[in-house]
Each structure stands twice: as C-alpha cells, then as structure tokens.
Amino acid sequence: MATETESVAARELPLVAICGRPNVGKSTLFNRLTGSRRSIVGDEPGITRDRIYGEIEWMDRAARIVDTGGVVPDDEALIPAEIFRQARVGLDEADAIVMVVDGRTELASPDMELARLLLRGGKPVFLAVNKMDTEAMQSQAENFRRLGFRNVLPISAEHGNGIGDLLDAVFEVLPEPIAIEEPVVMLTENDEAEEDANGPDYGIAAGASIARGASAEPAKRVRRLRSHGEYESRETKIAIIGRPNAGKSTLLNALTGTERAIVSPIAGTTRDAVDEVVERDGHAFRFVDTAGIRRKGKTKLMAEKLSVIMARKHLEAADVSLLLIDATEGVTALDANIGGYAHESGRSVIIVINKWDLMTKTGKDGMRLFDGKPPADQKAYEQQVRDHLKYLDYAPLLFISAADGKNIESVFKKVELVARERRKRVTTGQMNRFLEKVDFQKASVPMNRRVRIYYMTQAAVAPPTFVLFTDKDVKLHFSFERFLGNQIRESFGFIGSPIWFKVKARNKKKE
C-alpha cells in the first residue's frame, strides 16, 4: 500500500533515492514501488526532470522514496545541469541510494561517473540492474560489478521480478523511523449527531474513546474528516495551472522558499507534477506545480501529451487552483480554456497575474523597459482580464511577481480565504429566508424555462452544491443559474468557488 504524494508526517520516515542516467527505467521502478502512476514513463530519454516523492511500505515498515531525473554529470547544457542539481539534493538527503542501470546495454561513461560520485558519498548504495525480464538474463547482472558496488541485484521494474529482494536489502540498512505518538480520538455516533446540530467540537467529547496511552489534551485532538469535505481539513491542496512559461515553477519556489522546481526560459520544462508542503499556523498547504497545458495540436512528444493529462488529473485532485497568467502576454484563448477546466471540475479559482513588475518598470523615457510601451494601469488591466474571463467573475484576482517575490504573502491569505469559503455551509432556514427576499422577476429567463422554487437546501460543500425543489423537472437556464448564483454570493459569499445546482421536481412521476 502506498500514497501518491509525500505527507507531512512522512517526513520523519527514512528516505530512499533512485538515480541513474536517462532512460534506464527509474520512473518505472518508482511507480512499481509506490503502486502508483505518479511519475511519467515513456521511451523518450530525459522525461523526469524534477524530484518526485512517494511513500512505500514493506514488511510492516514504511519509507519515503524519491525519483530523480536522469543524471549526466558532465553535461553543461541548462536543463541537464539543473536535473543534476535537483538529483544531488535528493541524494544528499537520502539514507540509502538505488542506482539503476539498463542491463541490456553496455556500461556508458555517465554510469561510471555517477558510480564514482555515489561510492565517494559513503552512503549505502544498491545497484539495480534493470530490464532483466527472464531468469536466463539475470546472470548478466554480474557483469556490472565492475562499477565497484557490493550490492548488485537483477530486477525487472516493468514485470516486478526481483523487487522483493531489492526491498529486503534496502530496508535492512534503513534507520528505524522516529516514532511520534499522537492521540487518536474516534467520534461516536452521539458525537456525530451533536456535530450535525452544533458544528464541529475540537474538545474531547464525553462519549469519545481515546486510544490507550494517548494524551487527553483537547488541542491535540485528531478529527475524522468526512468525505464530502464538510469540515475543515488539515491540508489544503493548491494546483498551480497555466500555459507553458507563465512562471508556475518560479511561483512554487517563491511560495515554498526553496528551489524545489527547475526553472528555465524554455517552455515546457516541467513535465511531472512537483509538489511541496508549506506549514503555516498549524495548517498544511500542498502546492502542486503542474506542467504547462497546451492545445492538443501543439503537443508533439509523448511526454508532453502525458504531462498535460497528469496536469488535469492533479487539478481535479486539488481544492484550490491558481490560474497563472503572464502579464506581458495578457489573457489568451488558452488561458480561458485552462480556467474552464478548473471551473467545470468544481475547483476554487484564484486568478494570479504574474510578471507584473515588467508591466510597470520604466526607463528614463518613462516607457516600459521590456517593450517600450507606456506602463500598465492595474485597474484597466484587471477589467480586461474580467472581460475575457467572465465565467470566473467569482474568482479573486492578484498581481504578483514570482521572480522578485513581490506580493507572495497575499497568495497565502487568498488561498486561506478561498479554502474556507468553499467549505462554508448555509442552513436550510437561512436559505429559505434568503429565497423570500429574492426578486426572481429580475432574472432574464424565457417564460417556458422559468421555474418556481418551493425551497432550497445546501446538499454539499467543496464545491457548495444546492438542491432546488421546483414545480418543473427542467434543466435550469444558464442565465437563471447565473442570476441565482450571484444572489447567493451577495448574501453568503462563497468567494472563489463555483456554485453548483441540482433540481428536484416535486410533481415528478415515479418510474
């Protein structure tokens, strides 16, 4: 059993790093060990670039694992050098290292150079000779002992051969994790009923059972969170989405205060989704830097196609999306499409205008430095964005410069606000009082599409979903949905979150 991404508590677990030159099967091994498809796999060399973390369990023990990009130590080109730098971070923090080689090819100079680096590091290193798909081939693994490793294991990451032996050997040298005991409190049915009536209680309820040996400190209570997200979660997932080269990786690095993601002027540098957790005031924010989303016709390489699919997958798993727009290029049709993905999937949205510093920096002549035009007016620019993204009129808008770190703090504040708003619940009594005040005659809806609402109730949160009990079984007209949504926002907020409606007709015949 494994999880796709590294949890906050998992940071106390020992770390295993997977490394090797490009296209030897590191990501296939990572996916095999984590039981996931977290890392993009393909025949093209150099697909993985950033560090990808996961968790593994073996024989009742757990560890973290990191997949690094293909290492070519002597390559001075920008992206290979950055991949090597990222890989070195993973290797430096690892407790054990698995170097992967392709058992069906001859040893290359990058293999030998990397082996020398690892042997000098003094950490436990295991050589996994990959692509040994049959028993007859496994004897060939002995040829790789000339690299100087004592632990040489033939494996097939694709078929799972030899994986158990590799894990046995690796876990034997890993340090025991530091046990951190947290009290575990399970809510009884009485507690659940009380919460339904009065809201969540973070103290110790009279009927709650406490795990043996756990402290009874109320501040330490661990709550069971319901699947529909009614109550506040300990972790908020934020997906950074946008076109290639809008500055998503730079923003991730600015938000986390690290150099977690590779940044380069080359569009499409990020392929795998890169995530990092930031803890603030007892709450965890998991920022996920996704690959730049292109139009289907513009994606040529298989890795690019897969990275776009994975970007949308990570967006759908998030709570909040940061739609990053390059201020120097303005809102494009592709930006509108990407924002539409977030809107339709029910993610909360914050529109982030990046590179705003370039729009206001002027030279001695008073003109912008990067294109020689007059400096931009923030209010006029915001209006242009709103005109192009009318369906996101509920989304807050921020102007930042990720490269300079300007206005980054406002991103955290808006994320906290929007995450809280998407989990807001309105009682049925409040909703019925709201309905009495709404003048539905102002809604511009064709007569044959008008409905009479008897009453409304909020059925779910994240996103807020309302059920309308009406006199007709018809789909709500889009203009009526927009009108009702705006009226709800004026009364209750729901800043940054789309509002969904479902219709139930009172006189609908039972089939």
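The values are calculated or read from the model by the stated rules, or taken from the named source; none is laboratory data. Just so you know, these numbers come straight off a predicted model, no measurement behind them. Note that we place each Cβ from the backbone using ideal geometry, even for glycine, and neighbour counts take in every protein chain shown. Please note that ligands, DNA and RNA were not included when accessible areas were found on the heavy atoms of the full protein model with its side chains. Shrake-Rupley method; radii C 1.70, N 1.55, O 1.52, S 1.80 Å.
Summary of computed values
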read-out: Cβ-Cβ under 7 Å pairs, at least 6 apart or on other chains, the range 373-391 side over 24 Å from Gly340 (Cβ atoms) and open to solvent by 90 Å² or more (accessible area, probe 1.4 Å), far side outside any loop (DSSP other than H, G, I, E, B) and of a type in the set (Gly, Ala, Ser); value: none
read-out: Verdict on Val415 being over 30 Å from Ala317 (Cα atoms) and surrounded by 14 or more Cβ atoms within 10 Å (Cβ to Cβ); value: no
read-out: Residue within the range 66-79 that is modelled with pLDDT of 65 or more, under 28 Å from Arg286 (Cβ atoms) and hydrophobic (A, V, I, L, M, F, W, C) present; value: yes
read-out: Condition check for Ala395: modelled with pLDDT of 95 or more, of a type in the set (Gly, Ala, Ser), assigned to a loop (DSSP other than H, G, I, E, B) and open to solvent by less than 70 Å² (accessible area, probe 1.4 Å); value: yes
read-out: Qualifying positions in the range 138-195 - of a type in the set (A, V, I, L, M), at pLDDT 80 or above and either open to solvent by 70 Å² or more (accessible area, probe 1.4 Å) or assigned to a helix (DSSP H, G or I) (or both); value: Ala141, Leu147, Ile163, Leu166, Leu167, Ala169, Val170, Val173
read-out: Lone unmet requirement of (1) touching a strand residue (DSSP E or B) at 6+ places or on another chain (Cβ under 6 Å); (2) open to solvent by less than 20 Å² (accessible area, probe 1.4 Å) for Phe501; value: (2)
read-out: Residue within the range 4-14 that is buried (at least 16 other Cβ atoms within 10 Å of the Cβ) and either modelled with pLDDT of 85 or more or more than 22 Å from the chain's Cα centre (by Cα) (or both) present; value: yes
read-out: The one condition in (1) part of a loop (DSSP other than H, G, I, E, B); (2) out of contact with any strand residue (DSSP E or B) (no Cβ under 6 Å at 6 or more places or on another chain) that Ser491 fails to fulfil; value: (1)
read-out: Condition broken by Asn448, with the remaining ones in (1) modelled with pLDDT under 90; (2) open to solvent by 80 Å² or more (accessible area, probe 1.4 Å); (3) assigned to a loop (DSSP other than H, G, I, E, B) satisfied; value: (3)
read-out: Test: Val411 is over 25 Å from Phe501 (Cα atoms), in contact with a helix residue (DSSP H, G or I) (Cβ under 8 Å, 6 or more places away or on another chain), at pLDDT 95 or above and assigned to a strand (DSSP E or B); value: no
read-out: Given (1) of a type outside the set (Phe, Trp, Tyr); (2) surrounded by fewer than 18 Cβ atoms within 10 Å (Cβ to Cβ); (3) touching a residue at least 12 places away in the same chain (Cβ under 8 Å), index of the condition Gln441 fails; value: (3)
read-out: Qualifying residue in the range 50-58 (condition: closer than 20 Å to Arg120 by Cα and either at pLDDT 80 or above or hydrophobic (A, V, I, L, M, F, W, C) (or both)); value: no
